[in-house]
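Below: one structure, written as structure tokens.
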């Protein structure tokens, strides 16, 4: 079995892109930003959701939640964004990772 996982550079670049976009959407409504992030994270999981890559997907989700928390805390001089609130928002808007692609042997029906 070949271990396939996301390249760290790709994940880092995507997180950097998300960070800049969150900065641009700083004054948008929280539900709008949550729906946008849902689409982005789902697309990321659709592309990178291969077997044996679950740990990298969990890491990506955690980093997205952390970036969103930092973004929400920048909206006020007194941050009122506790981790309980962030956890509720993350459960509502940011999906949990899942493996969507089968193993290559299952995908092509290889019989050996």
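The values are calculated or read from the model by the stated rules, or taken from the named source; none is laboratory data. Every value quoted in this text rests on a predicted model; they were computed, and no experiment measured them. Ideal geometry is used to build each Cβ from the backbone, glycine not excepted, and the neighbour counts take in all protein chains shown.
For residue 69, the criteria (1) surrounded by fewer than 16 Cβ atoms within 10 Å (Cβ to Cβ); (2) in contact with a helix residue (DSSP H, G or I) (Cβ under 7 Å, 6 or more places away or on another chain); (3) at pLDDT below 95; (4) outside any loop (DSSP other than H, G, I, E, B) hold in every case but one, which is (1).
(1) modelled with pLDDT of 95 or more; (2) loosely packed, with under 12 Cβ neighbours inside 10 Å; (3) within 28 Å of residue 101 (Cα to Cα): which one isn't true of residue 63, the others all being true? With respect to (1) modelled with pLDDT of 95 or more; (2) loosely packed, with under 12 Cβ neighbours inside 10 Å; (3) within 28 Å of residue 101 (Cα to Cα), residue 63 is out only on (2).
Of all residues in segment 75-90, one or more are assigned to a helix (DSSP H, G or I), free of Cβ contacts under 8 Å to residues at least 12 places away in the same chain and either loosely packed, with under 11 Cβ neighbours inside 10 Å or on the phi > 0 side of the Ramachandran plot (or both).
Which of the following residues is part of a helix (DSSP H, G or I), in contact (Cβ under 8 Å) with a residue 24 or more places away in the chain and farther than 19 Å from residue 96 by Cα: 57, 15, 26, 22?
Matching residue, one of 57, 15, 26, 22: 22.
Taking segment 35-46 as the range and being under 12 Å from the mean Cα position of the chain (by Cα) and surrounded by fewer than 17 Cβ atoms within 10 Å (Cβ to Cβ) as the test, the residues that pass are 36, 38, 39, 40, 42, 43, 46. Within segment 67-93, how many residues are within 24 Å of residue 12 (Cβ to Cβ) and more than 18 Å from the chain's Cα centre (by Cα)? Within segment 67-93, residues that are within 24 Å of residue 12 (Cβ to Cβ) and more than 18 Å from the chain's Cα centre (by Cα) number 2.
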